[in-house]
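All remarks here apply to the structure that follows.
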Amino acid sequence: MLIRRYLLTALAALLLAAPAHAQERLPVVASFSILGDFVKNVGGDRVAVESLVGPNGNAHVYAPSPNDAKKAADAKLVFVNGLGFEGWLERLVKASGTKAPVVVATQGIKPLERASEHGHDHNHGRADPHAWQSVANAKVYVANIRDALIAADPADKEVYTANAAAYLAKLDALEREVREVIAKIPADRRRVITSHNAFGYFQDAYGVNFTAPQGVSTEAEASAKDVAAIISQIKKQKFPAVFLENVTDPRQMQQIAQETGAKVGGMLYSDALTESKGEAPTYIDLIRHNLRQLASALMS
Ligand SMILES: [Zn+2]
């Protein structure tokens with residue numbers, strides 16, 4: 001009897017000690033998996049994140065489902081990349097009737113303007129949306145996410161601040177690692193071909209040159225002329241390697257490799273994470289994986 005009363009008291013104490021909001025995670029939506037990972041790192045156990053475009057998905061050409069509209073309707077915040085990345089999002093937000101503020105995670109990042117490399121310029125004047133490919137920019141995303149979560153849920157301000165600080169320290173270490181590894185690659189071999197122009201910010205930040213038959217979006221297919229231009233460029237400049245991407249069809253790059261004799265250096269993760277058992281289930285894994293692929297293809 002005594003033991004039972006003791007147990008009940010202990011249980012009551014436990015229930016009282018648990019913070020009132022422990023069970024109510026703030027429901028939020030992120031437009032794509034990489035952004036979802038940033039939000040998870042800052043939100044921790046206070047936030048339930050749904051990423052609309054999932055692992056290996058292509059956010060440039062996504063078609064939202066009715067389930068996505070429901071997720072947006074239930075969300076307290078909608079995180080987006082912006083810079084023209086999610087052309088489908090505005091319609092989804094409107095159709096869902098969500099009252100959630102839309103948080104543009106690239107706010108404050110100076111966008112790169114990327115013209116097409118091959119003259120006819122279907123992307124002229126377009127901002128390059130792939131800002132996350134520079135780790136310094138990822139830190140801006142994290143700061144914006146932290147501030148938006150604090151504004152939406154001020155009671156958990158300390159948690160968000162501490163989570164963001166811990167993650168930002170990891171990103172600092174990651175950026176040092178990127179610079180150290182790239183520095184070991186001979187400067188004249190820091191040249192790569194990929195499917196679409198997703199690595200402009202990586203190029204600007206870390207000095208590896210990327211060329212692609214497709215522009216900063218995958219909405220328009222690369223034309224035969226674009227592919228021919230890349231092939232003659234590879235033959236002239238002897239690119240050490242061409243790379244596949246997880247969000248684009250590999251056949252075109254395989255064809256380019258075949259016609260030029262360039263080796264396929266492996267897979268780069270550009271616009272999406274992999275499934276949890278894959279090679280890049282988090283942003284930090286993604287950057288590390290790409291770095292290893294580049295180093296092993298360009299140093300040998
Ligand atoms: Zn892209």
Cβ-derived FRET efficiency at R0 41 Å, LYS235 paired with ALA73, nearest 0.05: 0.20
Angle, helix 251-260 long axis vs. longest principal axis of the chain, Cα atoms, 0 to 90°, nearest 10? 30 degrees
What is region 29-162's relative contact order, in percent, from Cα pairs under 8 angstrom and six or more apart in sequence? 24 percent
Could you give me the ³J(HN,Hα) list for region 219-228, computed from phi with Karplus coefficients 6.51, -1.76, 1.60 and θ = phi - 60°, whole Hz, x at Gly and Pro? 4, 9, 5, 5, 7, 4, 5, 4, 5, 4
Could you work out what % of the accessible surface of the chain is carbon and sulfur, using a 1.4 angstrom probe and leaving DNA, RNA and ligands out of the count? 55 percent
A correct Stokes-Einstein calculation for region 32-92, using the alpha-carbon Kirkwood radius, 25 °C and 0.890 mPa s, returns a whole-number D in µm² s⁻¹ of 203 µm²/s
Taking a probe of 1.4 Å and leaving out DNA, RNA and ligands, region 148-204 shows per residue an accessible area in Å² of 46 Å²
Amide proton proximity set for LEU26, modelled H, under 5 Å, gap of 5+: VAL47, ALA48
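How big is the Rg/Rh ratio for region 170-261, C-alpha atoms only, Rh by Kirkwood, two decimals?
On the way: Rg = 14.1 Å, Rh = 14.1 Å.
The Rg/Rh ratio comes out at 1.00.
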Positive dipole terminus of the chain, leading residue within THR282, SER270, HIS196 (C-beta point charges): THR282
What is the Cα centroid distance between region 267-295 and region 61-90, reported in whole angstrom? 23 Å
What are the equivalent ellipsoid semi-axes of the chain, built from the alpha-carbon gyration tensor (square roots of five times its eigenvalues), in whole angstrom, biggest first? 41, 22, 16
Out of the trypsin sites (Lys or Arg not before Pro) in region 204-298, which ones are loop residues according to DSSP with at most 13 other C-beta atoms within 10 Å? LYS238, LYS277
Could you calculate, for region 31-141, the ratio of the Cα radius of gyration to the Kirkwood radius, expressed as Rg to Rh? 0.99
Where both residues lie in the chain, what percent of DSSP beta bridges are antiparallel, nearest 5? 10 percent
About the Cα centre, charge dipole magnitude for the chain (Lys/Arg +1, Asp/Glu -1 at Cβ), debye: 500 debye
With everything on Cα atoms, drop me the angle between helix 33-43 and the longest principal axis of the chain, reported from 0 to 90° to the nearest 10. 30 degrees
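The values are calculated or read from the model by the stated rules, or taken from the named source; none is laboratory data. Note that this is a predicted model, so its numbers are computed, not measured. For neighbour counting, all protein chains shown are included, and Cβ atoms are generated from backbone atoms with ideal geometry for every residue, glycine included. The area values use the complete protein model at the heavy-atom level, side chains included, leaving out ligands, DNA and RNA. Shrake-Rupley method; radii C 1.70, N 1.55, O 1.52, S 1.80 Å.
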